[in-house]
Every structure is written in structure tokens, then in C-alpha cells.
Amino acid sequence: QVQLVESGGGLVQPGGSLRLSCVASRIIFSIYTMGWYRQGAGNQRELVATIRSGGSTNLVDSVKGRFTISRDNAKNTVYLQMNNLKPEDTAVYYCNAALGGLNYWGKGTLVTVSS
């Protein structure tokens, strides 16, 4: 059974940083497009960033210049470095692995940005 396990969430003050990690198991990690999504209270789940198997990345405009997505295929891990966090970044962050018609999700990690 495929597993995606996120970690690294928590409470941080505005302007602070967090690094999220997602470890995948039981998939050929290196060929998957990996992504981070988030869902704030009362909102739909939205895309934050993706990284393709070749390393190319895509980030939504609201996080460009603040967030970075990266991957370590040797560790089956994808990261989301989040800097200069804002209260509007508060959400549950979900890891996603996609390949063709296959789509897997983690259970999420909560990020709260508040003073």
C-alpha cells in the first residue's frame, strides 16, 4: 500500500519559516510528479507547488519568492521550504504523488501562522 507521510508542520509567527517533508513508500518515487497542496478552513484544497521527475518546478503566484519545492530521490522525500510565512498561509498541507491516472495523498500536516 502506497504511503505518503508529511511532517514539519506547526505554529510559527508571521515572517517565520518552516520546512515540510513528505516521505513516500511503495512507489517508484523518482518517476512521480510530487506536489504540495493546502486547504485552509472553509476553503477548497488548492495547489501550492509541484516538482516533476526531471526536477522542473511550478509554484502558485501567492508563494513565489517565499516557498521552494525540492526532492531527494535517494530518500524518497519531497520538501517544501516556506519562508516569510503569512497568516493566510495557515492551512493543512498535503503531499501528493501523481503519475498518469495514479494519484496518491498523504494525511496532511497543519501549519498555523499566528502571533
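The values are calculated or read from the model by the stated rules, or taken from the named source; none is laboratory data. Since this is a predicted model, take the numbers as computed values, not measurements. Here Cβ is always computed from backbone atoms with ideal geometry, including for glycine, and neighbour counts include all displayed protein chains. Please note that ligands, DNA and RNA were not included when accessible areas were found on the heavy atoms of the full protein model with its side chains. Shrake-Rupley method; radii C 1.70, N 1.55, O 1.52, S 1.80 Å.
Within segment 25-40, can one find any residue that is open to solvent by 60 Å² or more (accessible area, probe 1.4 Å), among the aliphatic types (A, V, I, L, M) and either within 19 Å of T112 (Cβ to Cβ) or not in a strand (DSSP E or B) (or both)?
First pass over segment 25-40, keeping only residues open to solvent by 60 Å² or more (accessible area, probe 1.4 Å): 26, 28, 31, 39.
Next, only the ones that are among the aliphatic types (A, V, I, L, M) stay: 28, 31.
Next, only the ones that are either within 19 Å of T112 (Cβ to Cβ) or not in a strand (DSSP E or B) (or both) stay: 28, 31.
The answer is yes; a qualifying residue exists.
Being open to solvent by 30 Å² or more (accessible area, probe 1.4 Å), outside any loop (DSSP other than H, G, I, E, B) and of a type in the set (A, V, I, L, M) is the filter here; which residues of segment 1-17 pass it?
V5, L11
Tell me, which residue of segment 47-58 that is open to solvent by 50 Å² or more (accessible area, probe 1.4 Å) and in contact with a strand residue (DSSP E or B) (Cβ under 6 Å, 6 or more places away or on another chain) is nearest to V92 (Cα to Cα)? Break it down stepwise before answering.
Kept after step one, since they are open to solvent by 50 Å² or more (accessible area, probe 1.4 Å), are these residues of segment 47-58: 47, 52-54, 56-58.
Retained after the next criterion (residues that are in contact with a strand residue (DSSP E or B) (Cβ under 6 Å, 6 or more places away or on another chain)): 47, 52, 57-58.
Numbers: L47: 12, R52: 22, T57: 21, N58: 20 Å.
Per the stated criteria, the residue is L47.
Y79 passes all but one of (1) loosely packed, with under 12 Cβ neighbours inside 10 Å; (2) closer than 16 Å to V92 by Cα; which number fails?
The number of the failed condition is (1).
Can you tell me how many residues in segment 84-106 are assigned to a loop (DSSP other than H, G, I, E, B), surrounded by fewer than 18 Cβ atoms within 10 Å (Cβ to Cβ) and either touching a Leu at 6+ places or on another chain (Cβ under 8 Å) or modelled with pLDDT under 95 (or both)?
2
Mind telling me which of the residues R66, R71 ends up being surrounded by 15 or more Cβ atoms within 10 Å (Cβ to Cβ), under 14 Å from E88 (Cα atoms) and modelled with pLDDT of 95 or more? Before you say what the answer is, go through the steps one by one.
Values: R71 fails: under 14 Å from E88 (Cα atoms).
Among R66, R71, only R66 is surrounded by 15 or more Cβ atoms within 10 Å (Cβ to Cβ), under 14 Å from E88 (Cα atoms) and modelled with pLDDT of 95 or more.
Take the residues of segment 42-78 that are touching a residue at least 40 places away in the same chain (Cβ under 8 Å) and part of a loop (DSSP other than H, G, I, E, B): which is farthest from S7 (Cα to Cα)?
So the residue we want is N43.
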